[in-house]
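Novice: Take a look at this one; I'll ask things after.
The values are calculated or read from the model by the stated rules, or taken from the named source; none is laboratory data. Everything numeric here is computed off the predicted structure, so don't read it as measured data. Every residue, glycine among them, receives a Cβ derived from its backbone with ideal geometry; neighbour counts consider all protein chains shown. The protein model used for the area step is the full one, side chains on, heavy atoms only, and it has no ligands, DNA or RNA in it. Shrake-Rupley method; radii C 1.70, N 1.55, O 1.52, S 1.80 Å.
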Amino acid sequence: MRLFTPAPAMFALPREERLPQRSNALPWLIFALCFAMLPHLFNQPPWVVAMAALAMGWRALAHWGRMPMPGRWLLVLLTLVATGLVVTQYGTLFGRDAGVALLILMTGLKLLETRGFRDAMLGIFLGYFVVITNFFYSQEIPLALYMVAAVFATTAALVRLNAGDGAQPWRESLSLAGLMLAQALPLMIILFLLFPRLPGPLWGMPQDESAGITGLSDSMSPGSISDLLQSDAPAFRVSFAGDIPDQNLRYWRGPVFWEYDGRTWRFGRDRGEAPPQPVAIDEDDTFTYTVNLEPHDGRWLLALDIPLTTPQDARMTADHDLVSRRPVRSLIQYSVSSLPDLPLEPVLSDRRRSAALALPDDTAPRARALAQGWREAHEEDGALVGAALSYFNQEPFFYTLSPPRLPRDPVDQFLFESRAGFCEHYASAFVVLMRAAGIPARVVTGYQGGEYNRMGDYLLIRQSDAHAWAEVWLEDRGWVRVDPTAAVAPERIEQGVRAALSDDAGLPDYMLRSLDWGAIRLQFELWRDSLDYYWSGWVLAFGPERQAELLERLGLGRLDWRGMITLMVVLIGLVVLMFAAIFLWRNRLPVADPLSLVYRRFCRRLGRWGFVRAAHEPPMAFAQRVSRERPDLAKPVMAFTREYVALRYGSRPDPERFNGLRRLLRQVRPKR
């Protein structure tokens with residue numbers, strides 16, 4: 001059993017299967033693979049990329065004769081070790097992370113057995129696969145540009161590999177690779193725009209549950225909303241068809257919670273479809289907008305309070321929150337219309353009323369007593385709600401990002417001891433107080449506010465804009481939004497979370513940094529986010545709706561998949577014909593110059609009289625030979641030849657003398 005094989009063994013292969021040596025295709029391939037794998041240092045354990053790099057480094061040294069090639073049994077052993085390490089790391093060979101790790105390791109080990117042209121071509125194709133896997137982790141613009149460079153490097157290696165044993169200049173290899181990618185660009189655009197799309201993401205790879213996606217949760221407890229303030233990542237972006245609502249109207253409705261166990265709020269049991277709204281709606285009062293929602297691994301969709309319409313592939317619950325039919329694991333885009341003053345559920349059924357008044361028996365005894373006192377003082381529900389808001393406004397409550405822990409009863413501890421909390425503390429305590437006073441109430445989570453980007457004309461809502469508020473059911477009015485946070489920190493609603501927490505010692509670093517940033521950096525941030533917005537809207541979220549919208553803008557109307565395929569085939573055919581025409585035109589036969597054509601006619605004419613010019617015979621020698629043998633032709637032949645030589649070897653072409661040469665040709669004929 002041999003563990004190593006001398007590198008020269010590759011020359012035992014037939015000539016057509018050998019790896020080209022003078023073109024150094026193998027080092028080019030190794031560089032391209034390393035270039036494509038580099039971003040996986042941020043996605044995979046370091047040992048995965050390091051092991052693949054060591055294998056490729058070994059192959060490079062063997063190429064230059066510094067190390068022997070590994071034998072077959074050593075390769076088998078290395079393959080088993082790499083597979084075992086992947087199983088040990090991930091517990092499986094399937095899934096995104098395990099699959100990508102296995103691909104990287106096997107690509108590196110494949111090079112250790114690359115001896116011929118066919119193996120190198122397989123390495124090229126593996127390189128293209130490695131490029132694609134990077135998009136499973138990120139689809140941002142910088143990575144896309146980097147992957148364009150990786151494709152260019154891999155294509156250059158492909159060109160180098162097919163250059164044969166000739167020494168191709170590196171500039172020529174790069175130029176040809178660039179030309180090939182440029183020729184592929186129109187075909188790529190046609191396929192991207194017209195290939196029929198299914199609902200779902202551009203890259204449909206499901207993400208692992210461990211992916212670090214932030215966003216709202218399907219439950220709410222103390223600290224769950226304030227944790228999101230640590231992130232300035234975009235939650236979604238909204239572009240309006242008309243006016244943008246004022247800051248205090250920008251409540252973005254998300255999950256609605258009914259059930260409370262004394263610490264955590266969760267969905268209720270009744271989340272059926274929303275009944276149609278039997279109200280007259282003035283179109284001027286509605287807001288129509290398009291949302292680009294970042295992935296959050298949940299099913300809820302965000303919409304301006306209160307949504308009227310339901311996006312495709314989603315439904316509206318009885319609580320008027322939008323729910324997708326599948327988890328949002330990639331950026332999606334949808335359009336919605338909302339009416340802020342839409343009355344919700346004017347008639348509350350006994351079952352839902354009972355659910356909206358439910359409280360655990362052993363929960364918040366002090367808060368219950370406080371609410372009972374308000375009930376005794378205020379018969380009207382509206383007056384009692386006002387009393388509760390006055391309580392939050394007049395008592396020493398504080399809006400802070402760093403509230404103390406509430407290990408016992410969170411509502412009683414918050415209301416009567418700490419009195420410091422974030423929006424979820426106020427919303428939770430307010431709903432408990434209302435239920436204790438006999439007013440149906442529930443918690444609504446979502447986002448509030450948004451930063452206007454005038455460069456892109458849209459609102460950017462960040463994770464740090466996450467918010468929670470309350471809704472109470474009042475007779476003849478239905479569900480009414482009440483935000484107790486506004487009673488404590490009105491600047492949170494009117495100016496945003498940064499203004500409300502500007503003096504808070506627990507501000508995250510990005511928020512402290514943004515306060516010191518100048519106008520230039522702020523403009524740069526707006527410009528960068530605008531770029532992300534258009535990238536996400538026109539590339540990442542380019543789904544069936546966006547495709548249909550584009551075709552309508554182009555005047556093609558609503559095309560079904562048959563029409564799109566037909567149009568796609570026609571356009572691809574036109575592009576292929578265009579490239580074929582360019583190729584034929586560039587490789588056409590050279591057109592003889594007019595002077596040579598005239599001289600050929602002169603030679604053919606003399607040939608009919610028995611004078612054939614030898615290939616090595618200069619024009620003047622040919623003319624002198626004809627003159628000696630046919631004196632009657634001497635004068636016109638010599639005159640024509642002298643003029644031809646003058647024009648052929650003269651300093652500048654003269655059109656008039658060229659015409660004179662043609663006249664001299666007509667005089668070349670035997671005298672009668």
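Novice: Only one of these conditions is not met by Val148: (1) in contact (Cβ under 8 Å) with a residue 60 or more places away in the chain; (2) under 19 Å from the mean Cα position of the chain (by Cα); (3) over 25 Å from Val81 (Cα atoms). Which number is it?
Specialist: Only one criterion in (1) in contact (Cβ under 8 Å) with a residue 60 or more places away in the chain; (2) under 19 Å from the mean Cα position of the chain (by Cα); (3) over 25 Å from Val81 (Cα atoms) is unmet by Val148, namely (1).
Novice: Are any residues in segment 381-393 more than 30 Å from Thr317 (Cβ to Cβ) and open to solvent by 40 Å² or more (accessible area, probe 1.4 Å), and if so, which ones?
Specialist: Of everything in segment 381-393, those that are more than 30 Å from Thr317 (Cβ to Cβ) and open to solvent by 40 Å² or more (accessible area, probe 1.4 Å) turn out to be Ala383, Ser390, Asn393.
Novice: Select from segment 332-346 the residues that are touching a strand residue (DSSP E or B) at 6+ places or on another chain (Cβ under 7 Å) and of a type in the set (A, V, I, L, M, F, W, C) and write down the one among them that is farthest from Arg442 (Cα to Cα).
Specialist: So in segment 332-346, the residues touching a strand residue (DSSP E or B) at 6+ places or on another chain (Cβ under 7 Å) come out as 332-338, 343-346.
Next cut, of a type in the set (A, V, I, L, M, F, W, C) only: 332, 336, 344.
Numbers: Ile332: 28, Val336: 24, Leu344: 13 Å.
The selected residue is Ile332.
Novice: Among the listed residues Thr79, Thr154, Thr114, Thr133, which satisfies the condition of being under 27 Å from Trp538 (Cβ atoms), among the β-branched types (Val, Ile, Thr), surrounded by 15 or more Cβ atoms within 10 Å (Cβ to Cβ) and modelled with pLDDT under 95?
Specialist: Thr133
Novice: If Val472 satisfies all but one of (1) part of a strand (DSSP E or B); (2) crowded, with 24+ Cβ neighbours inside 10 Å; (3) within 38 Å of the chain's Cα centre (by Cα); (4) not polar (S, T, N, Q), what's the number of the condition it fails?
Specialist: It is condition (3) that Val472 fails.
Novice: If you don't mind, there's one more thing I want to ask. Just to check your reading of the model, which residue among Thr155, Thr114 is assigned to a loop (DSSP other than H, G, I, E, B), out of contact with any strand residue (DSSP E or B) (no Cβ under 7 Å at 6 or more places or on another chain) and among the hydroxyl-bearing types (Ser, Thr, Tyr)? Reasoning before the result, please.
Specialist: Details: Thr155 fails: assigned to a loop (DSSP other than H, G, I, E, B).
That would be Thr114, the only listed residue that is assigned to a loop (DSSP other than H, G, I, E, B), out of contact with any strand residue (DSSP E or B) (no Cβ under 7 Å at 6 or more places or on another chain) and among the hydroxyl-bearing types (Ser, Thr, Tyr).
Novice: When only residues in segment 205-230 that are open to solvent by 30 Å² or more (accessible area, probe 1.4 Å) and closer than 25 Å to Ser530 by Cα count, which is modelled with the highest pLDDT?
Specialist: Just the residues of segment 205-230 that are open to solvent by 30 Å² or more (accessible area, probe 1.4 Å), to begin with: 205-210, 212-214, 217-219, 221-222, 224, 227, 230.
Filter again for closer than 25 Å to Ser530 by Cα, leaving 212-214, 230.
On the way: Gly212: 49, Ile213: 55, Thr214: 58, Gln230: 74.
Only one residue tops the list, namely Gln230.
Novice: Find the residue count for segment 396-423, including only residues that are in a helix (DSSP H, G or I), touching a Gly at 6+ places or on another chain (Cβ under 9 Å) and within 22 Å of Gln463 (Cα to Cα).
Specialist: 0
Novice: If the Cβ limit is 9 Å and pairs must be 6+ apart or interchain, which residue in segment 48-59 that is free of Cβ contacts under 8 Å to residues at least 60 places away in the same chain and buried (at least 18 other Cβ atoms within 10 Å of the Cβ) pairs with which residue that is of a type in the set (Ser, Thr, Tyr) and in a helix (DSSP H, G or I)?
Specialist: Cβ pairs passing all conditions: Ala52/Thr107; Ala55/Thr107; Met56/Thr107.
Novice: Oh, and also: Which one of the conditions (1) out of contact with any helix residue (DSSP H, G or I) (no Cβ under 6 Å at 6 or more places or on another chain); (2) open to solvent by less than 10 Å² (accessible area, probe 1.4 Å); (3) free of Cβ contacts under 8 Å to residues at least 24 places away in the same chain does Gly71 fail to meet, given that it meets all the rest?
Specialist: So Gly71 meets the others, but not (3).
Novice: Do any residues in segment 629-651 that are at pLDDT 90 or above have Cβ atoms under 7 Å from those of residues that are open to solvent by 80 Å² or more (accessible area, probe 1.4 Å) and not in a helix (DSSP H, G or I), where the two are at least six apart or on different chains, and which pairs are they?
Specialist: From residues that are at pLDDT 90 or above, the pairs are Pro636/Gln667.
Novice: Hey, Met147 hits all of (1) closer than 14 Å to Ala25 by Cα; (2) surrounded by 12 or more Cβ atoms within 10 Å (Cβ to Cβ) but one; which does it fall short on?
Specialist: (1)
Novice: Scan segment 551-602 for residues that are under 30 Å from Leu647 (Cβ atoms) and without any contact (Cβ under 8 Å) to a residue 40 or more places away in the chain and jot them down.
Specialist: Taking segment 551-602 as the starting set, the residues that turn out to be under 30 Å from Leu647 (Cβ atoms) are 585-602.
Residues satisfying the conditions are Trp585, Arg586, Asn587, Arg588, Leu589, Pro590, Val591, Ala592, Asp593, Ser596, Leu597, Arg600.
Novice: Here's another thing I want to ask about it. I need the full set of residues from segment 350-378 which are assigned to a loop (DSSP other than H, G, I, E, B), of a type in the set (Ser, Thr, Tyr) and open to solvent by 50 Å² or more (accessible area, probe 1.4 Å), in order please.
Specialist: none
Novice: For segment 300-331, which positions are within 21 Å of the chain's Cα centre (by Cα), part of a loop (DSSP other than H, G, I, E, B) and farther than 17 Å from Val443 by Cβ?
Specialist: Arg326, Pro327, Val328, Arg329, Ser330, Leu331
Novice: Looking only at segment 446-469, count every residue that is polar (S, T, N, Q) and part of a strand (DSSP E or B) and tell me the total.
Specialist: Residues in segment 446-469 being polar (S, T, N, Q) and part of a strand (DSSP E or B): 2 in total.
Novice: Tell me whether segment 151-165 contains one or more residues that are under 28 Å from Trp527 (Cβ atoms), within 22 Å of the chain's Cα centre (by Cα) and not charged (D, E, K, R).
Specialist: There is at least one residue in segment 151-165 that is under 28 Å from Trp527 (Cβ atoms), within 22 Å of the chain's Cα centre (by Cα) and not charged (D, E, K, R).
Novice: Only residues that are open to solvent by less than 40 Å² (accessible area, probe 1.4 Å) and either polar (S, T, N, Q) or more than 16 Å from Met56 (Cα to Cα) (or both): list them for segment 84-103, please.
Specialist: Listed by number, the residues that qualify are Gly84, Val86, Arg96, Asp97, Ala98, Gly99, Val100.
Novice: Considering only segment 312-335, I want to know if a residue exists there that is of a type in the set (Asp, Glu), touching an Asp or Glu at 6+ places or on another chain (Cβ under 9 Å) and closer than 17 Å to Glu471 by Cα. Steps first, answer last, please.
Specialist: Let us first name the residues in segment 312-335 that are of a type in the set (Asp, Glu), namely 313, 319, 321.
Those still in the list that are touching an Asp or Glu at 6+ places or on another chain (Cβ under 9 Å) too: 319.
So of that shortlist, the ones also closer than 17 Å to Glu471 by Cα come out as 319.
Yes.
Novice: Moving on to the next point. Select from segment 539-596 the residues that are among the polar types (S, T, N, Q) and either open to solvent by less than 90 Å² (accessible area, probe 1.4 Å) or part of a helix (DSSP H, G or I) (or both) and list them in ascending order.
Specialist: Our first condition is that a residue be among the polar types (S, T, N, Q); within segment 539-596, this holds for 547, 566, 587, 596.
If the condition is that a residue be among the polar types (S, T, N, Q) and either open to solvent by less than 90 Å² (accessible area, probe 1.4 Å) or part of a helix (DSSP H, G or I) (or both), then Gln547, Thr566, Ser596 are the ones that fit.
Novice: Okay, next question. Six or more apart or on different chains, Cβ under 8 Å: which pairs go from a residue in segment 525-537 that's more than 13 Å from Glu294 (Cβ to Cβ) to one that's open to solvent by 20 Å² or more (accessible area, probe 1.4 Å) and aliphatic (A, V, I, L, M)? Could you list them?
Specialist: The qualifying pairs are Leu526/Met455; Trp527/Met455; Ser530/Met455; Leu531/Ile141.
Novice: Shifting gears a bit: Please state which of the following conditions Val443 fails to meet, knowing it meets all the rest: (1) modelled with pLDDT of 90 or more; (2) part of a loop (DSSP other than H, G, I, E, B); (3) closer than 15 Å to Asp261 by Cα.
Specialist: (2)
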